[in-house]
Amino acid sequence: MRSIVLAASLAAAATMGSQAQASALVYCAEANPRTFDPHQGMAMSDSDAANPIYNRLVELERGGTELVPALAESWQVSDDATTFTFKLRQGVKWQSNDRFTPSRDFNADDVLFSFRRMQDPDDPYYQLAQGAFGAFTGYGLDKSLLGVEKLSDHEVRFQLAEPDVSFLPLLTVEGLSILSEEYARQMLDAGTPEKVFTEPVGTGPFSFVAYETGAQVRFKAFADYWANAAGLPERAAQVDDLIFAITPDPSVRFQRLRAGECHVMRFPNAADIPTAAADPNIEVHARPGFDYGWVAFNVEKKPFDNLKVREALSLAINKEEILRAVYLDELGIAAGSMIPPGMLGHDESVAPVPYDPEKARRLLQEAGFADGFEADLWAMPVVRAYMPNARRAAELIQADFAAVGVDVNIVSYEWGEYLERTKAGEHEMAILGLNYDFADPGSVPIWGWSCDSAKIGYNRARWCDQDFDDAIYAAKRTPDPAEQERLYLEAGRIFDREKPAAMLAYSRLVALTRKGVQDYVISPIGGQAFFGVRVEE
């Protein structure tokens, strides 16, 4: 039944050719969203699914990195970057569903509730999530945010414990979206608080309709969306229906795109891009990304607690071969610096680790592993810009490690399980990557490599270096770009010296669209935005 429903949905969307403008946009998505609680979402598929439904106080321009007003129409920042005051947009409507009809517009109470449920252990919605809030905790707001004060129905003030020049960009992440206090209260009173996230409502351009795991997520345009009234069509829905057709296999996604069953797909197989470029019915979109892929060494497990072992394994990987075979030389460049090109703090002096199996064998011998050892290497099951084919990369690394005496067993799981198991630290080595959730150079170092991130599992190396942390957190506190850069360079050199992960490649972002899709742009940071996109048939 599930496949029949999906096929019918796609057929309905694809046969709008009699109209000048199609009423549905079908996105062949690469993975199931694991949650519609934006505060708990961690994967890109979670961010993509949250983006249509919710707004943040501040957002990014579509397809760019500039901050734009959203639920906050303006803001003021104190000279010491500890106090942030927001004037809230008036007349913003909440979506509704069969369980909830809002009695009021968005106001300050919704902002207070949204942050309180991530900060107050006594809040029922904190307890419902068991305190697991990816962005809020991962970026240290659980420690730095002293409180949110309601100044009036349409003005709020955030007070931080210390200066943080990254706070405004941080507010753009889907993990800090604003929820309806009224809906949450009503569902709590009804004894069904989980409905807030299984039947979500927000203030965003599309409202949630239905979700069938492994098949589709359906949204519809929100007629009362505030951007319509504000005269901002580029930020509003331009189709009646938005459908995420869950299609994990990139080859199948490409087949569906060519057959006209979907309008947009991301993360194609690199080998399919030349075919797409030659197809007059498909447009290839590409841009440099801020993503990068790596192999994390779990330093809590032996022998990966030994720096010589980590350095040896980094030297044993033939990264040029991975670039040729996995990235096809077009989708990535060899990675060196922890902060990617285009970001403040990128260090051109940190070159990619060279391929040197002879030195790798010497280091393993010095570390006491002259006869090598056995270990598991985990390979992610989905395609990402930072890792187009993890299985193939794992096979190449397996051969490279065998050449220096390390016997590798390749392990994989379904994507959600893969994320949870690596978060729990079950792996020894894992192929993954990081992408910037907001436009600040410190976001990936903090999220991916800090001591706090190691404690909650997002740092898959589970590596902690206090000097590294001191540098990246000091960079957050200084408004001086030159000093910020110095601190990020210092942190990057510590990372390069300690090698908690073997850096593989910086990515290029690629998406494919059908002929007739208008005004689609790749989001370089955060979840993919589908507002402003039209389909002409």
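The values are calculated or read from the model by the stated rules, or taken from the named source; none is laboratory data. Because the structure is a prediction, the values reported are computed rather than measured. With ideal geometry, Cβ positions are generated from the backbone for all residues, glycine too; neighbour counts draw on all protein chains shown. Surface areas here come from the heavy atoms of the whole protein model, side chains and all, with no ligands, DNA or RNA. Shrake-Rupley method; radii C 1.70, N 1.55, O 1.52, S 1.80 Å.
At a glance:
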{"item": "Output for the stretch 351-367, where each listed residue is part of a loop (DSSP other than H, G, I, E, B) and either modelled with pLDDT under 95 or open to solvent by 60 Å² or more (accessible area, probe 1.4 Å) (or both)", "result": "A351, P354, Y355"}
{"item": "Answer from V165, V148 - the residue that is open to solvent by 10 Å² or more (accessible area, probe 1.4 Å), in contact (Cβ under 8 Å) with a residue 12 or more places away in the chain and assigned to a loop (DSSP other than H, G, I, E, B)", "result": "V165"}
{"item": "Test: residue in the stretch 364-372 that is on the phi < 0 side of the Ramachandran plot and touching a Ser or Thr at 6+ places or on another chain (Cβ under 8 Å)", "result": "no"}
{"item": "Scope the stretch 404-419; condition small (G, A, S) and either over 17 Å from V309 (Cβ atoms) or surrounded by 21 or more Cβ atoms within 10 Å (Cβ to Cβ) (or both); matching residues", "result": "S412, G416"}
{"item": "Filtered residue count, the stretch 446-486, keeping only those that are more than 28 Å from L419 (Cα to Cα) and in contact with a Gly (Cβ under 8 Å, 6 or more places away or on another chain)", "result": "3"}
{"item": "Checking D371 against (1) more than 26 Å from the chain's Cα centre (by Cα); (2) of a type in the set (D, E, K, R); (3) closer than 25 Å to G448 by Cα, the condition it does not meet", "result": "(3)"}
{"item": "Flag if E348 is in a helix (DSSP H, G or I) and open to solvent by 10 Å² or more (accessible area, probe 1.4 Å)", "result": "no"}
{"item": "Yes/no for Q159 being at pLDDT 95 or above, of a type outside the set (S, T, Y) and either part of a helix (DSSP H, G or I) or open to solvent by 70 Å² or more (accessible area, probe 1.4 Å) (or both)", "result": "no"}
{"item": "One residue from A22, A29, A43, A50 being more than 18 Å from R235 (Cβ to Cβ) and either open to solvent by 40 Å² or more (accessible area, probe 1.4 Å) or modelled with pLDDT of 90 or more (or both)", "result": "A29"}
{"item": "Residues of the stretch 377-424 classified as acidic (D, E) and under 23 Å from the mean Cα position of the chain (by Cα), total", "result": "3"}
{"item": "Residue in the stretch 104-121 that is in contact with a Leu (Cβ under 8 Å, 6 or more places away or on another chain) and farther than 21 Å from P38 by Cβ present", "result": "no"}
{"item": "Among the residues listed as E174, E181, the single one being open to solvent by 20 Å² or more (accessible area, probe 1.4 Å) and acidic (D, E)", "result": "E181"}
{"item": "Count - residues of the stretch 73-98 that are under 28 Å from D480 (Cα atoms) and either without any contact (Cβ under 8 Å) to a residue 40 or more places away in the chain or surrounded by fewer than 21 Cβ atoms within 10 Å (Cβ to Cβ) (or both)", "result": "13"}
{"item": "Condition check for G260: assigned to a loop (DSSP other than H, G, I, E, B), farther than 30 Å from A370 by Cβ and open to solvent by less than 50 Å² (accessible area, probe 1.4 Å)", "result": "yes"}
{"item": "All helices (runs of 4 or more DSSP H) inside the stretch 420-537 with 1 or more residues being at pLDDT 90 or above, open to solvent by less than 20 Å² (accessible area, probe 1.4 Å) and over 26 Å from G41 (Cα atoms)", "result": "466-477, 481-498"}
{"item": "Count - residues of the stretch 189-240 that are within 21 Å of Q528 (Cβ to Cβ), assigned to a loop (DSSP other than H, G, I, E, B) and open to solvent by 60 Å² or more (accessible area, probe 1.4 Å)", "result": "2"}
{"item": "Positions within the stretch 130-145 being in contact (Cβ under 8 Å) with a residue 12 or more places away in the chain and among the polar types (S, T, N, Q), in sequence order", "result": "T137, S144"}
{"item": "Enumeration of residues in the stretch 270-307 that are open to solvent by less than 40 Å² (accessible area, probe 1.4 Å), of a type outside the set (D, E, K, R) and under 22 Å from the mean Cα position of the chain (by Cα)", "result": "A270, H285, G289, F290, Y292, G293, W294, V295, A296, F297, N298"}
{"item": "The stretch 281-302 residues that are farther than 30 Å from E374 by Cβ and at pLDDT 95 or above, paired with ones that are open to solvent by 60 Å² or more (accessible area, probe 1.4 Å) and part of a loop (DSSP other than H, G, I, E, B) (beta carbon under 6 Å, 6 or more apart)", "result": "N281/K515"}
{"item": "Qualifying residue in the stretch 376-385 (condition: out of contact with any Leu (no Cβ under 6 Å at 6 or more places or on another chain), open to solvent by 70 Å² or more (accessible area, probe 1.4 Å) and not in a loop (DSSP other than H, G, I, E, B))", "result": "no"}
{"item": "Single residue of the stretch 99-129 satisfying the filter (touching a residue at least 12 places away in the same chain (Cβ under 8 Å), open to solvent by 70 Å² or more (accessible area, probe 1.4 Å) and over 27 Å from the mean Cα position of the chain (by Cα)) that is nearest to P52 (Cα to Cα)", "result": "R99"}
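Every residue, every condition in (1) without any contact (Cβ under 8 Å) to a residue 24 or more places away in the chain; (2) within 27 Å of I522 (Cβ to Cβ), yes or no:
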{"residue": "A385", "(1), (2)": "no, yes"}
{"residue": "A393", "(1), (2)": "no, yes"}
{"residue": "A399", "(1), (2)": "yes, no"}
{"residue": "I410", "(1), (2)": "no, no"}
{"residue": "E414", "(1), (2)": "no, yes"}
